[in-house]
Amino acid sequence: MTHPVAEDAGPITLTALTAPDGAVIVTLVGDLDITSAPAARERLLSLVRPGACRLVIDMSAVRHTDASGLAVLVSTKRRAVLLGGELRLAALRPEVARVLTVTGLSRHLAAYPTVQAAVAGRKPGGYTALPGTGPAVLAAHALPAQAQAEPGADSGELHSAVAALLASADAWRDADPRRRFSPALRALAQAHTGTSHAALVQAARSLLSVLDREPLTYSPIVAATASRLRRLFSAGARPAIG
């Protein structure tokens, strides 16, 4: 059965079924980030109960995750372990696997190349990426963002998205009591007042990079402005640096 989790700027849906051996297989579709994290956490935790505490999460259709989304997986695993179960991830996309590595959570969240391998607990010596994500693609993800020349949104779209985010700076600060985002927000504000499009692109990417690593308290305004900025850097709509 399918359970809609969020219909916001970063929608995600969950489909849950029980395997013959009792494992609960959950398929996520969409972005697991600050926008969808609250609803996703509620639904995933509701699936973990005595007698159904072995979860396999199929991540093959998760296009992006950030620290808020990963916190959902960590809290779900904690609940499963407390009930004597476990949580395994399956079929991660390279960009999602990268966030797990950057945050250090790859050491705590077991990842398997396929759902079948995760259900069986078979983990090969090296992680096998999804079809179409071979060495050349993985190498591209490893390159510095400045070195990746992509066509995409014009400077006007980026300036507009950044202006909306900066106009909501108070909401960002309220969602960040430890002020971990303050340097990135200041750099973004400085770049926005300047004339260099390349500097604005770099500052925006830096802010999104911090968002990948550090969770924020959920805020609809923060979620909307972050999602709008991230969409400009998604496949097929990456702001050019030139």
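The values are calculated or read from the model by the stated rules, or taken from the named source; none is laboratory data. Since this is a predicted model, take the numbers as computed values, not measurements. Quick reminder, even Gly has a Cβ in these numbers, built from the backbone with ideal geometry, and neighbours come from all protein chains shown. For the accessible areas, the whole protein counts, side chains as well, though only heavy atoms, and no ligand, DNA or RNA atoms are used. Shrake-Rupley method; radii C 1.70, N 1.55, O 1.52, S 1.80 Å.
In plain terms, the chain from Leu83 to Leu166 could stretch by 25.5 nm, reckoned as 0.36 nm per residue minus the Cα-Cα distance. In a fully extended conformation the segment linking Arg178 and Val102 would gain 25.4 nm over its present Cα-Cα distance, using 0.36 nm per residue.
In Å, the Kirkwood hydrodynamic radius of the stretch 43-105 over pairs of distinct alpha carbons? Walk me through the numbers before you get to the answer.
Numbers: mean 1/r = 0.0828 Å⁻¹.
Every distinct Cα pair counted, the radius reaches 12.1 Å.
Local charge for Ala52 was computed over the other residues whose Cβ lies under 14 Å away, with Lys and Arg +1 and Asp and Glu -1, and equals +2.
The accessible surface of the stretch 80-124, taken with every protein chain in place and a 1.4 Å probe, is 53 percent carbon and sulfur.
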